[in-house]
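The values are calculated or read from the model by the stated rules, or taken from the named source; none is laboratory data. Given the structure is predicted, the values throughout are model-derived calculations rather than measurements. Cβ: placed from backbone, ideal geometry, glycine included. Neighbour counts: every protein chain shown. Surface areas here come from the heavy atoms of the whole protein model, side chains and all, with no ligands, DNA or RNA. Shrake-Rupley method; radii C 1.70, N 1.55, O 1.52, S 1.80 Å.
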Amino acid sequence: MPEQVESEAPAGGHGTKAVIAALLANLGIAVAKLIGFVLTGASSMLAEAFHSVADSGNQAMLLVGGRLARRGPDPEHQFGHGSARYFAAFLVAVVLFTLGSLFSLYQGFQKLRHPHELEAPSVALAILVVALVLEGLSLRTAVRAANPLRGDQSWWSFIRTTKKPELAVVLLEDTAAEFGLSFAFVGVGLAALTGDPLFDALGTLAIGALLAVVAVVLGIEMYSLLVGEAASPEEQAAIRRTLASIPGIDRLVRLRTMHLGPDELLVVGSIETDRELSASEVARAIDDAQARLREAVPTARIIYLEPDLPTTPRSPAPTRPARDDPSERSES
């Protein structure tokens with residue numbers, strides 16, 4: 001049986017600070033919104049309360065997923081558990097759609113069928129203003145965590161391409177929360193001014209529709225990561241440049257990459273080496289290439305480089321797996 005070795009995931013970049021900030025903000029906001037619903041009877045307040053409850057559960061799932069992802073390889077998961085972070089983020093999309101969107105839509109339709117005037121709307125508006133401020137602070141934390149990784153990308157492009165699921169989730173959730181609170185504020189405000197509860201119902205329906213859109217976008221992105229996305233074009237270019245600079249390697253014949261987790265990249269390549277090199281010299285060139293690749297692309301943690309053998313006979317060189325790949329270590 002392969003030796004079981006626990007590998008440490010690279011530190012930093014997980015967005016943990018942003019997740020914790022969002023969790024604390026949403027727990028407080030959920031309680032305040034529930035109190036506001038009890039005092040006012042505003043369905044948009046109840047929809048927003050369930051939105052915050054769903055967000056709180058989502059952030060807890062992200063933290064658990066991050067912890068599970070730090071477990072090392074084992075006989076059943078020989079490439080580790082890095083994709084647990086993607087699975088946790090996919091569950092977030094499911095919860096956001098079911099507990100957040102569907103419940104809000106249900107409440108909105110119920111309010112349309114059985115309208116009733118709001119009580120103490122000023123209390124609801126005050127709570128919504130406080131919630132807007134707290135969600136804004138949480139969003140600011142997520143933006144600050146994402147900015148060093150975003151570079152010159154637009155925010156939409158960053159969410160579509162980032163391999164850090166926690167940041168994508170918090171950015172989308174907090175942005176949706178700000179819009180949702182705005183819908184609730186407008187709905188409650190117009191209902192209070194006109195005395196017509198229809199506006200409260202419409203605000204609730206708008207919140208439900210917004211959460212459905214966010215859940216679908218998030219689900220699509222996390223599905224792509226779970227299936228296995230390749231390295232970014234910039235990382236692939238860096239891999240090609242590095243291999244081209246290694247003495248003894250003539251060219252890269254094929255390259256395949258896949259993210260096993262946000263910070264773990266699998267690199268599989270077929271290379272053409274100098275035909276005059278002996279098997280031991282080819283092996284040294286591959287060792288050198290692996291070391292140089294890790295310097296150029298730190299997330300490239302598991303690397304397999306295979307010589308593309310010429311048609312004329314030559315002493316074959318075996319595939320050289322990455323030395324720190326626990327699944328390839330000698331049996332104990």
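Points to keep in mind about this one:
- When we screen 205, 218 for residues that are within 14 Å of the chain's Cα centre (by Cα) and either modelled with pLDDT of 90 or more or of a type in the set (Phe, Trp, Tyr) (or both), the only hit is 218.
- Taking the criterion of being assigned to a loop (DSSP other than H, G, I, E, B) and either touching a residue at least 60 places away in the same chain (Cβ under 8 Å) or open to solvent by 70 Å² or more (accessible area, probe 1.4 Å) (or both), the residues of segment 115-151 that qualify are 115, 116, 117, 118, 119, 120.
- Scanning segment 182-204 for residues that are open to solvent by 30 Å² or more (accessible area, probe 1.4 Å) and assigned to a helix (DSSP H, G or I) gives 182, 183, 185, 186, 190, 192, 193, 194, 198, 199, 202.
- Pairs, first without any contact (Cβ under 8 Å) to a residue 24 or more places away in the chain in segment 283-301, second hydrophobic (A, V, I, L, M, F, W, C) and surrounded by 21 or more Cβ atoms within 10 Å (Cβ to Cβ), C-beta under 6 Å, six or more apart: 294/300
- The sole residue among 167, 137 that is within 26 Å of residue 204 (Cβ to Cβ) and aliphatic (A, V, I, L, M) is 137.
- Odd one out for residue 179 among (1) hydrophobic (A, V, I, L, M, F, W, C); (2) more than 17 Å from residue 97 (Cβ to Cβ); (3) modelled with pLDDT of 90 or more: (2)
- Here residue 1 passes the criteria (1) open to solvent by less than 70 Å² (accessible area, probe 1.4 Å); (2) at pLDDT below 85 except the one numbered (1).
- Segment 260-281 - residue that is modelled with pLDDT of 90 or more and open to solvent by less than 10 Å² (accessible area, probe 1.4 Å) and, of those, nearest to the chain's Cα centre (by Cα): 265
- Scanning segment 218-252 for residues that are open to solvent by 50 Å² or more (accessible area, probe 1.4 Å) and free of Cβ contacts under 8 Å to residues at least 12 places away in the same chain returns 220, 227, 233, 234, 244.
- Neighbours by Cβ (under 6 Å, 6+ apart or cross-chain): first from segment 79-103, touching a residue at least 24 places away in the same chain (Cβ under 8 Å); second surrounded by 24 or more Cβ atoms within 10 Å (Cβ to Cβ) and among the polar types (S, T, N, Q): 92/58; 95/58
- Hits in segment 24-45 - residues which are within 16 Å of residue 176 (Cβ to Cβ) and either out of contact with any Leu (no Cβ under 8 Å at 6 or more places or on another chain) or of a type in the set (A, V, I, L, M) (or both): 25, 26, 29, 30, 44
- Just one of the listed residues (169, 186) is of a type in the set (Val, Ile, Thr) and at pLDDT 90 or above, namely 186.
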